[in-house]
Amino acid sequence: MNHARRIAHLDMDAFYASVELLRYPELRGQAVVIGGRSTLPPQTLADGTRQYSQLRNYAGRGVVTTSTYEARALGVFSAMGIMKAAQLAPDAILLPADFDSYRHYSRLFKQAVAAIAPLIENRGIDEIYLDLTAHDEDTHALASRIKLAVQQATGLSCSIGIAPNKLLAKICSDLEKPNGLTILTAAQIPARIWPLAVRKINGIGPKSGEKLQALNIHTVGQLANTEPGLLQENFGRSYADWLHNAANGRDERPVVTSSEPKSISRETTFERDLHARHDRALLSEIFTALCNRLMEDLQRKGYVSRTIGIKLRYADFHIVTRDITLPEPTADAAAIRRAAGECLRRAPLEQRLRLLGVRAGTLSRPVETKAQPRSIQGELFIAE
């Protein structure tokens, strides 16, 4: 590990929910859930007060986009079915997602950060990595200045972790949420990172966590000190090597500031493993939403794609990818959905799935066209 590096991970706190609370400040401190395609916005009554939908009244197959920390305390998390969330928190307020608003605040916070620290790797609408190595300023003062700039630009709070690399910085940004600031040196890894549960490492999911627990490996420190041979027997060489390096705080990945992407992708890990046939309705909704979001990403960034692909991670962590080359580049959700559906038909779907992703590659700038990309409604995940 290069000890001179100072890498920050900045994560907006409950981003979508926090943006909604700017609009509806009376909901602060309450359990609020964002999501559901058919969710209605609040109704303004004659006396000026607002009437909100509650989870208990929702009927449909919608999925939670995000939730406030108060709703998370009740067990409601993103990607959960709203009907299930309603069983856990029937009194929670339900709001529709407003992605135009979230993108607006995303641009604001990134512009505010870039004015101070321009070496930014975009990781999505609500998180970025920063390379602060070249800054002379004291780490705590610099991070505090970035947090204040974000707050002043958006009215929102963020959490920042600063460490010698991306892997550690991401762990640290989550340690003191919300509104956290955590700084870690390489020498502090045994004291501050090793006592944490192995799941705190980004890249160790529920199934890997269960497998590690079965091997009596519960903390990052135990993983760091596990015989590499034991990990290879249970996880295969490449993932075992990654586990060992991650637990020891080793990660040489650079902060990638290039603005020209090779591909754009959207993926989601399910709260429970889903089956292509038994859970077809839920998978269809998720699959369609991914294609719509991919279309929005392409549109926003000004690209069309000639190669559409899918990524499946099965219950046993095996990953399969398939892709297809289109005759003409597109940014249309229906075309993306059809192409991704073709890829699905070439993938084995007997096993349960834990992750689904859709990817657009071979990107180019579009020639002028009057046809606007359009979103699509639900279609079957796989045909009969």
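Summary table
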{"item": "Pair list, Cβ under 6 Å, 6 or more apart: the stretch 197-215 residue farther than 14 Å from residue 174 by Cα, other residue of a type in the set (D, E, K, R) and buried (at least 16 other Cβ atoms within 10 Å of the Cβ)", "result": "209/199"}
{"item": "Enumeration of residues in the stretch 251-306 that are more than 18 Å from residue 362 (Cβ to Cβ), of a type in the set (A, V, I, L, M) and touching a helix residue (DSSP H, G or I) at 6+ places or on another chain (Cβ under 9 Å)", "result": "255, 274, 276, 290"}
{"item": "Out of 381, 317, sole residue that is surrounded by fewer than 20 Cβ atoms within 10 Å (Cβ to Cβ), within 23 Å of the chain's Cα centre (by Cα), over 25 Å from residue 103 (Cβ atoms) and modelled with pLDDT under 90", "result": "317"}
{"item": "Identity of the residue in the stretch 140-162, part of a loop (DSSP other than H, G, I, E, B) and surrounded by fewer than 20 Cβ atoms within 10 Å (Cβ to Cβ), that ends up nearest to the chain's Cα centre (by Cα)", "result": "157"}
{"item": "Count of residues meeting criterion [surrounded by fewer than 20 Cβ atoms within 10 Å (Cβ to Cβ) and either of a type in the set (Val, Ile, Thr) or within 14 Å of residue 10 (Cα to Cα) (or both)] in the stretch 129-139", "result": "2"}
{"item": "Matching residues in the stretch 12-46 - criterion: being part of a helix (DSSP H, G or I), surrounded by fewer than 18 Cβ atoms within 10 Å (Cβ to Cβ) and in contact with a strand residue (DSSP E or B) (Cβ under 8 Å, 6 or more places away or on another chain)", "result": "26"}
{"item": "Filter result for the condition that a residue is of a type in the set (Asp, Glu), more than 19 Å from residue 38 (Cα to Cα) and either at pLDDT below 95 or outside the structural domain of residue 354 (by TED's automatic domain parsing) (or both), over 91, 138, 100", "result": "138"}
{"item": "Enumerated helices (runs of 4 or more DSSP H) restricted to the stretch 186-301, each holding at least 3 residues that are surrounded by fewer than 18 Cβ atoms within 10 Å (Cβ to Cβ)", "result": "206-214, 228-235, 237-247, 280-301"}
{"item": "Matching residues, the stretch 52-88, being more than 16 Å from residue 17 (Cα to Cα), under 23 Å from the mean Cα position of the chain (by Cα) and buried (at least 18 other Cβ atoms within 10 Å of the Cβ)", "result": "62, 81, 86"}
{"item": "Test for residue 177: is it part of a helix (DSSP H, G or I) and either closer than 18 Å to residue 14 by Cα or of a type in the set (A, V, I, L, M) (or both)", "result": "no"}
{"item": "Residue in the stretch 49-66 that is assigned to a loop (DSSP other than H, G, I, E, B) and either closer than 22 Å to residue 125 by Cα or modelled with pLDDT of 95 or more (or both) present", "result": "yes"}
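The values are calculated or read from the model by the stated rules, or taken from the named source; none is laboratory data. Everything quoted here is computed from the prediction, not taken from an experiment. Reconstructed Cβ throughout: ideal geometry from the backbone, glycine too, with neighbour counts over all protein chains shown.
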